[in-house]
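S.K.: Just dropping this structure here.
The values are calculated or read from the model by the stated rules, or taken from the named source; none is laboratory data. All values reported here derive from a predicted model rather than from experimental measurement. Every residue, glycine among them, receives a Cβ derived from its backbone with ideal geometry; neighbour counts consider all protein chains shown. SASA here: full protein model, heavy atoms, side chains in, ligands and nucleic acids out. Shrake-Rupley method; radii C 1.70, N 1.55, O 1.52, S 1.80 Å.
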Amino acid sequence: MARALLDKMGLGSMSQAKKETLVQMTILSVACLLSFAVRLFSVLRFESVIHEFDPYFNYRTTKQLVENGYYEFHNWFDDRAWYPLGRIIGGTIYPGLMVTAAAVYNVLNFFNITVNIRNVCVFLAPLFSSFTVLVVYLLTKEVKSVGAGLVAASMIAIVPGYISRSVAGSYDNEGIAIFCMLLTYYTWIKAAKTGSIAWSLSCALAYFYMVSSWGGYVFLINLIPLHVLTLMITGRFSHRIYVAYCIMYSVGTILSMQIPFVGFAPVETSEHMAALGVFGLCQIYAFVTYLRANMSPGNFNVLFRTVVTFALTAVGLTFGVATFLGKIAPWTGRFYSLLDPSYAKNNIPIIASVSEHQPTTWASFYFDLQLLVFMFPVGLYYCFRELTDANIFVILYSVTSIYFAGVMVRLMLVLAPIMCIMSGIGISTTLSIYMKNIESENTAQPQGGKGSKKKSTDYPIKSEIATVIVTVVTIFLTTFVFHCTWVTSEAYSSPSIVLAARGHDGNRIIFDDFREAYNWLKFNTPENAKVMSWWDYGYQLTAMANRTIIVDNNTWNNTHISRVGQAMASPEDHSYTIMKELDVDYVLVIFGGMSGYSSDDINKFLWMIRIGGSTPEGAHIKESDYYSSSGEYKVDKDASKAMHNSLMYKMCYYRFGEIMTEQGKPTGYDRVRNQEIGNKDFELDVVEEAFTSEHWIVRIYKVKDMANRGTQ
Amino acid sequence: MFRSVLFLLLATAALCRPRTLVVLENILTKETHSTFLADLASRDTEITYKYATDSSLAIKKYGERLYESIIILAPSVAAFGNALTPADFLDFVDEGGNLMMTASGSVGEPIREIAAEVGVEIDEAGTTVIDHMNYDVSDEGDHDLIIADEFISSSVIVGSDPAPVVFRGVGMAADLDNPLVIDILRASPTAYSHAPDQDILEYPLAIGSSVLLVAGMQARNNARVVILGSHDMISDRFYNVKAQRFGGAAEGAGNRAFAQAVTDWALKRNGDLRFSAVKHNKVGEEPSDAAYRITDDVEYSITIEEMQNGQWQPFQGQDVQMEFVRIDPFVRAFLVPDPAGNFKVSFKVPDVYGVFQFKVNYDRTGYTHLYSTTQVSVRPFRHTEYERFIPSAYPYYASAFSMMGGLIVFSFFFLYHQEKPKTE
């Protein structure tokens, strides 16, 4: 077939190598195109909008970068966020994403291709996923073969685990960080294989790009030392590795310290100590090898023992003293929760409250990876079959990332590429083994006995088994494509700023309440009005409504968030003092009881209570007070008094008791919690309703002034 | 031409003069309180007289207040004319109008209601303030013509060194939850509020010093309300009482001076403050919209004027403070006035970035609550504003450069030095 096609196109006269290149190029280009196209569901279905929460902040900063130049961006002190603390944007973000987008924008505009900066942002993630396809191909090619590379590249193009963070509009760090990470791995493997300074430097540069774009670089700077250490233990350490690692680490570390947000962390925090330790170990190892080559074995052993004992004691003491003096920063909470899944839940409510920090369920492994879950061990097996320096690296990568992905659902993103690489290796090797067997019937058989040894591995119905296996793999691969497309379309292409639901007659109903409300704020409130909301909506509020907010998604100050949690969870009069203290003018709540939108503030309320109660000022807020007498989290008549009197409850359910939401149900029937609310008839004392969106999803309240004559 | 200009001038003058409505109980009030009304008329104000039940009584027209102040000398009115309700008068206060009114033993429902809404409870009808120790010699036996001298210590409200006043009327009690009520005149510790001819079976509304004789309230919008517990205390008759305590010497009633002072206060002719020209800038620079940097030296100035006897004068208070606030005040400094009432302070911005407010919150009894906030941002250093070389880091610079030098020397050595072959 293919040959006929090639002949027809007049390419039949090409040499075998050229044909192979052509096929590879075709497959790769198609994979790249596909990876871009499959991420456009949301743009086609809704419009070219930025999605979710964090991307809005990234978009806002990118705009600042494009409009005012790099230095203004670098020194940007944002007085609209975290009122009244403010936030130094330049020093608290990874600028890689914004700089990349701005660079793309400037290049395009230089050539007079006038693309709106918003569109650059929207389409940046799909663009980089195309690049990722190429890098995965190169990486797998280095590790295994061209065939495995092509399979892996095709898979990474459509794997849902990666699409979930890189659809058009999902303008987030992860969108480019996966590309950077794989690029760093590729250059590292190249450097480790060749021992060339050029590749090591490229690796350091790729690492710098990675550091500038995502906090997940910590995974990388631990994985590469781990690789070096493993090679050392398995006796594979060589001058190549020595050159590669020393250059990569020293240049990479100096470069990474140029990112203001990273600063001195690479030489101070525990997360980076493994890399430093391995760097030191490399020097010792090399020195010891040098000594051993130049000394008699007896002398060497004596020297070796003394030095090792002395060194271990010194290192232990230094580490202990440094930690005690606080020179080495204690392990940060996020990292602890990686190692011990229950750590965050028990200690840091603000980390546990984020749904993407929750442990991964088995179902979501299958949902995000499908076929790869089964093919992964196959690939792992083939990697173990022929160990090389590069193979060891991917094995380490796969083992560590599968652990981390199990701890935190967000890290599925790190797992997805290696799953593709491993499955690519697995599928490619399987197919190339059995394909041969099918062919052996047609072509190899006539050639007859190649030798008695070959004959001995023969078994009956070899060709049939091969056919079955190839068919099964083909079916699996086909279902994988369908699954990926379905998941992308159904689960990962919702902008979450515009909601869609199916009506009774199957029509798509669009809820555009968020933008409606943000625009209301933008056009109806004073320019420097302060809006209080739960932190989830902070980025959107600053970006779309351009109003000052109290807390946002950059959850750097637990006390401040806790203060807002207290305001939401306390009774009105207490909330009022907190709101006055923070100069709040408007309060915004998200309410789903009318429309059935389940991730609303009442469902998040428990976190507000927990976070609010986690600081000394909020000691009066106890989680148990908000449960009904039977210990359930309810909003109906059984709900506790604290629940009924909390500002959040009142703001969400104000006037809701008059509304009929579903037929056959009493008024004030909450469609998310499926309960009839318990407190229907109440008035608000300290706030007044200012705006309620069409489907009641966003409700905005204005904080009243103090009573003029002293009495409420 | 000249006439029209004159007319215009007059019209403007008339417009500028504060307008006061005096609501009288009946035609007799003009007689009994003639001195008070004459004193009122002698002030630079435009006065309109109306009877409480007059059907043309109006305080608003087209949504605008018709008067700056209202004085109600109609304690026992049962219902105002033109269907005016207490709520109308309270709205008047909420819109910034001042209100002064008298009560008496037979106080009417509207007055009682207005009083209750501003945080003052008037005792039941028929009660009166009784003091068996401090009554005037002309008392008729109920000991309810009392002499009171427990004035609030604020010369802005009661004038300096007020003489004791003669009082006969109803007692009042302040709402403890309302922080805005001002106890202008309290009864002596031996007084109590009760009906004189009844046995005391229940605890009275108030006794001793908690009995208010004259109560004031300054609302949050700085509108002022004064309630006199006695309609008689500002009458001609009481102005002329000798005020001789039983068993003491005649002191001469201070009623007239007291009434003058309290009226001046209520009409905002005294103790009214206003500010203007809030300016802040870096020392030696013009004011600008740019954010301040941490550790900048900043100047702040504000001009405050005080109303004294109907004239705006530069305010000369020595205790005005400016705070530089980000939730908590980081700087709190006294503002120093010059003779023109310009208050100034200069200070160093703290080494903390964020959104700060210059806040002047001057709240003194009797004075308008002066509150001014100006929001500014304080940014951290830009990347070019740090010191390039830190003295304490010189060892590190030295080590870095020596390392570089060493590397170059070593490289040269390594590349161009050749060991002599040992085989020779």
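S.K.: How many residues are open to solvent by 50 Å² or more (accessible area, probe 1.4 Å) and within 14 Å of another protein chain (Cβ to nearest Cβ) when one looks only at the stretch A:60-84?
M.R.: 5
S.K.: Next question. Tell me, yes or no, whether the stretch B:195-209 has at least one residue that is over 17 Å from residue B:102 (Cα atoms), in a loop (DSSP other than H, G, I, E, B) and either within 14 Å of chain A (Cβ to nearest Cβ) or of a type in the set (Phe, Trp, Tyr) (or both).
M.R.: Yes, there is a match, as at least one residue in the stretch B:195-209 is over 17 Å from residue B:102 (Cα atoms), in a loop (DSSP other than H, G, I, E, B) and either within 14 Å of chain A (Cβ to nearest Cβ) or of a type in the set (Phe, Trp, Tyr) (or both).
S.K.: Look at the stretch A:171-211 and say how many of its residues are part of a loop (DSSP other than H, G, I, E, B) and open to solvent by less than 10 Å² (accessible area, probe 1.4 Å).
M.R.: Total satisfying the criteria: 1.
S.K.: Shifting gears a bit: Considering the stretch B:370-406 alone, what residues qualify as being under 28 Å from residue B:302 (Cα atoms) and either open to solvent by 90 Å² or more (accessible area, probe 1.4 Å) or away from chain A (no Cβ under 11 Å) (or both)?
M.R.: Those that are under 28 Å from residue B:302 (Cα atoms) and either open to solvent by 90 Å² or more (accessible area, probe 1.4 Å) or away from chain A (no Cβ under 11 Å) (or both): B:370, B:371, B:372, B:374.
S.K.: Could you say which residue among A:711, A:661, A:692 is more than 14 Å from every other protein chain (Cβ to nearest Cβ), open to solvent by less than 60 Å² (accessible area, probe 1.4 Å) and modelled with pLDDT under 85?
M.R.: After ruling out the rest, the residue left standing is A:661.
S.K.: In this structure, does residue B:269 turn out to be modelled with pLDDT of 90 or more and closer than 30 Å to residue A:581 by Cβ?
M.R.: no
Residues are listed down the side, and each one gets a yes or a no for (1) touching a residue at least 40 places away in the same chain (Cβ under 8 Å); (2) within 16 Å of residue A:572 (Cα to Cα); (3) in contact with a strand residue (DSSP E or B) (Cβ under 8 Å, 6 or more places away or on another chain):
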| site | (1), (2), (3) |
| --- | --- |
| A:665 | no, no, yes |
| A:670 | yes, no, yes |
| A:682 | no, yes, no |
| A:692 | no, no, yes |
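S.K.: Show me the helices (runs of 4 or more DSSP H) entirely contained within the stretch A:233-298 in which 2 or more residues are without any contact (Cβ under 8 Å) to a residue 60 or more places away in the chain and open to solvent by less than 60 Å² (accessible area, probe 1.4 Å).
M.R.: Of the helices (runs of 4 or more DSSP H) lying wholly inside the stretch A:233-298, those with at least 2 residues that are without any contact (Cβ under 8 Å) to a residue 60 or more places away in the chain and open to solvent by less than 60 Å² (accessible area, probe 1.4 Å) span A:239-256, A:273-294.
S.K.: Still on this structure, I have one more. Of the residues B:116, B:83, which is more than 29 Å from residue B:35 (Cβ to Cβ), within 12 Å of another protein chain (Cβ to nearest Cβ) and aliphatic (A, V, I, L, M)?
M.R.: B:116
S.K.: Also: For a quick check of your reading: which strands (runs of 3 or more DSSP E) sit entirely within the stretch A:496-574 and have at least 2 residues that are open to solvent by 30 Å² or more (accessible area, probe 1.4 Å) and at pLDDT below 90?
M.R.: Once the strands (runs of 3 or more DSSP E) in the stretch A:496-574 are filtered for at least 2 residues that are open to solvent by 30 Å² or more (accessible area, probe 1.4 Å) and at pLDDT below 90, what remains is A:499-502, A:508-511.
S.K.: It is to be established whether one or more residues within the stretch B:265-285 are open to solvent by 10 Å² or more (accessible area, probe 1.4 Å), more than 14 Å from every other protein chain (Cβ to nearest Cβ), over 23 Å from residue B:180 (Cα atoms) and touching a helix residue (DSSP H, G or I) at 6+ places or on another chain (Cβ under 7 Å).
M.R.: Checked the stretch B:265-285: no residue is open to solvent by 10 Å² or more (accessible area, probe 1.4 Å), more than 14 Å from every other protein chain (Cβ to nearest Cβ), over 23 Å from residue B:180 (Cα atoms) and touching a helix residue (DSSP H, G or I) at 6+ places or on another chain (Cβ under 7 Å).
S.K.: Scanning the stretch B:34-51 for residues that are without any contact (Cβ under 8 Å) to a residue 60 or more places away in the chain and closer than 11 Å to residue B:71 by Cα, which turns out surrounded by the fewest Cβ atoms within 10 Å (Cβ to Cβ)?
M.R.: By that ranking, first place goes to B:48.
S.K.: Continuing with the same structure: Which count do you get for residues in the stretch B:341-367 that are within 14 Å of chain A (Cβ to nearest Cβ), under 30 Å from residue B:159 (Cα atoms) and either part of a loop (DSSP other than H, G, I, E, B) or in contact with a helix residue (DSSP H, G or I) (Cβ under 7 Å, 6 or more places away or on another chain) (or both)?
M.R.: 1
S.K.: Among the numbered criteria (1) more than 20 Å from residue B:160 (Cα to Cα); (2) open to solvent by 50 Å² or more (accessible area, probe 1.4 Å); (3) free of Cβ contacts under 8 Å to residues at least 60 places away in the same chain, which one does residue B:293 miss?
M.R.: If we test residue B:293 against (1) more than 20 Å from residue B:160 (Cα to Cα); (2) open to solvent by 50 Å² or more (accessible area, probe 1.4 Å); (3) free of Cβ contacts under 8 Å to residues at least 60 places away in the same chain, just (3) comes out false.
S.K.: Further question: Could you tell me whether the stretch B:238-258 includes any residue that is within 14 Å of chain A (Cβ to nearest Cβ) and either in contact with a strand residue (DSSP E or B) (Cβ under 7 Å, 6 or more places away or on another chain) or open to solvent by 30 Å² or more (accessible area, probe 1.4 Å) (or both)?
M.R.: Looking for residues that are within 14 Å of chain A (Cβ to nearest Cβ) and either in contact with a strand residue (DSSP E or B) (Cβ under 7 Å, 6 or more places away or on another chain) or open to solvent by 30 Å² or more (accessible area, probe 1.4 Å) (or both), one finds none in the stretch B:238-258, hence no.
S.K.: Looking at the stretch A:510-535, I want the residues that are within 15 Å of residue A:589 (Cβ to Cβ) and have a partner that is aromatic (Phe, Trp, Tyr) with Cβ atoms under 8 Å, at least 6 apart or on another chain. Which pairs are those?
M.R.: A:513/A:696; A:517/A:691; A:520/A:691; A:521/A:586; A:521/A:691; A:531/A:586; A:532/A:586
S.K.: Here's something else I'd like to know. Hey, does the stretch B:319-331 have a residue that's away from every other protein chain (no Cβ under 14 Å), out of contact with any His (no Cβ under 7 Å at 6 or more places or on another chain) and either among the aromatic types (Phe, Trp, Tyr) or open to solvent by 80 Å² or more (accessible area, probe 1.4 Å) (or both)?
M.R.: For the stretch B:319-331, residues away from every other protein chain (no Cβ under 14 Å), out of contact with any His (no Cβ under 7 Å at 6 or more places or on another chain) and either among the aromatic types (Phe, Trp, Tyr) or open to solvent by 80 Å² or more (accessible area, probe 1.4 Å) (or both): absent.
S.K.: Same structure, new question: If you check residue B:25 against the conditions, is it under 24 Å from the mean Cα position of the chain (by Cα), surrounded by 15 or more Cβ atoms within 10 Å (Cβ to Cβ) and of a type in the set (D, E, K, R)?
M.R.: no
S.K.: Is the stretch A:608-625 home to any residue that is within 14 Å of another protein chain (Cβ to nearest Cβ) and open to solvent by 30 Å² or more (accessible area, probe 1.4 Å)?
M.R.: Yes; the residues of the stretch A:608-625 include at least one that is within 14 Å of another protein chain (Cβ to nearest Cβ) and open to solvent by 30 Å² or more (accessible area, probe 1.4 Å).
S.K.: Also: For the condition within 14 Å of chain A (Cβ to nearest Cβ), at pLDDT 90 or above and crowded, with 18+ Cβ neighbours inside 10 Å, what is the one hit in B:182, B:111?
M.R.: B:182
S.K.: Taking the stated definitions as given, is residue B:95 away from chain A (no Cβ under 14 Å), of a type in the set (Asp, Glu) and open to solvent by 10 Å² or more (accessible area, probe 1.4 Å)?
M.R.: No: the conditions fail for residue B:95.
S.K.: Here is a further query. Residues A:139, A:150: which one is surrounded by fewer than 24 Cβ atoms within 10 Å (Cβ to Cβ), closer than 30 Å to residue A:21 by Cβ and out of contact with any Cys (no Cβ under 9 Å at 6 or more places or on another chain)?
M.R.: Only one candidate passes the filter, namely A:150.
S.K.: Considering (1) surrounded by 15 or more Cβ atoms within 10 Å (Cβ to Cβ); (2) assigned to a loop (DSSP other than H, G, I, E, B), say which one residue A:652 fails and leave the rest.
M.R.: Result: residue A:652 passes all but (2).
S.K.: Exactly one condition in (1) under 19 Å from residue B:102 (Cα atoms); (2) within 14 Å of chain A (Cβ to nearest Cβ); (3) in a loop (DSSP other than H, G, I, E, B) is not met by residue B:169; state its number.
M.R.: The number of the failed condition is (2).
S.K.: In the list A:584, A:589, which residue meets the criterion of being within 14 Å of chain B (Cβ to nearest Cβ) and either open to solvent by less than 50 Å² (accessible area, probe 1.4 Å) or under 22 Å from residue A:706 (Cα atoms) (or both)?
M.R.: The unique qualifying residue is A:584.
S.K.: Looking only at residues that are of a type in the set (Gly, Ala, Ser) and part of a helix (DSSP H, G or I) in the stretch A:1-44, which one is modelled with the lowest pLDDT?
M.R.: It comes out as A:2.
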